[in-house]
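To start, the structure itself, in structure tokens.
The values are calculated or read from the model by the stated rules, or taken from the named source; none is laboratory data. Since the structure is predicted, the reported quantities are computational estimates derived from the model, not experimental observations. Don't worry about glycine lacking a Cβ; one is built from the backbone with ideal geometry, like all the others, and counts go over all protein chains shown. Please note that ligands, DNA and RNA were not included when accessible areas were found on the heavy atoms of the full protein model with its side chains. Shrake-Rupley method; radii C 1.70, N 1.55, O 1.52, S 1.80 Å.
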Amino acid sequence: MGTKEEFSDRTPARSTLDSLLEGIQILDRDFRYVYVNDAAARHGRTTVSALVGMRMEECYPGIEGTELFGLLRSCMSARTPHVFENRFTYPDGTTGDFELRIEPVPEGVCVMSIDVSGRRRAEAKAADADRRLALSERMESIGRLTGGIAHDFNTYLA
């Protein structure tokens, strides 16, 4: 059997948070990661060990100038929750879209992230398909109109 310290790290609540598909991050009042579940680490394409104990600015240079960091500061100081959609650009230039829920907690703030990249891609494809359908319908209408004009012109000539 494990030691008391090992057991306390695997409490039922922690085990549940670790198994979620949604990312969970808890930042202290200095914006230092005190807890990160595996999903949150995957969302950032990093590891839990690379984040926990580090300040957010150390892990993501330049983040302090973003709208997201402004909302984190606001939540930290005013203790008000925020819901925010964020497009994250990875170091390789690819992007991911995330729905973020930022909540004040006793330690500082908790950020829940849901990867909505697939949904955003599907919405973009659907919008493109709608645009193409509308263009096709306009072209069909123009074709019918020109066909009618040509018929009338032929009738006039006859």
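For region 27-41, the candidate set comprises residues that are under 17 Å from S74 (Cβ atoms) and out of contact with any Leu (no Cβ under 8 Å at 6 or more places or on another chain); within that set, the residue that is surrounded by the most Cβ atoms within 10 Å (Cβ to Cβ) is D28. Of all residue pairs spaced 6 or more apart or on separate chains, those with beta-carbon atoms under 9 Å, a first member in region 80-93 that is surrounded by fewer than 10 Cβ atoms within 10 Å (Cβ to Cβ) and a second member that is part of a loop (DSSP other than H, G, I, E, B) are P91/R45; D92/R45. All conditions in (1) open to solvent by 40 Å² or more (accessible area, probe 1.4 Å); (2) within 18 Å of V34 (Cα to Cα) hold for V105, with the sole exception of (1).
Scanning region 116-158 for residues that are open to solvent by less than 80 Å² (accessible area, probe 1.4 Å) and of a type in the set (D, E) yields a single hit, D128.
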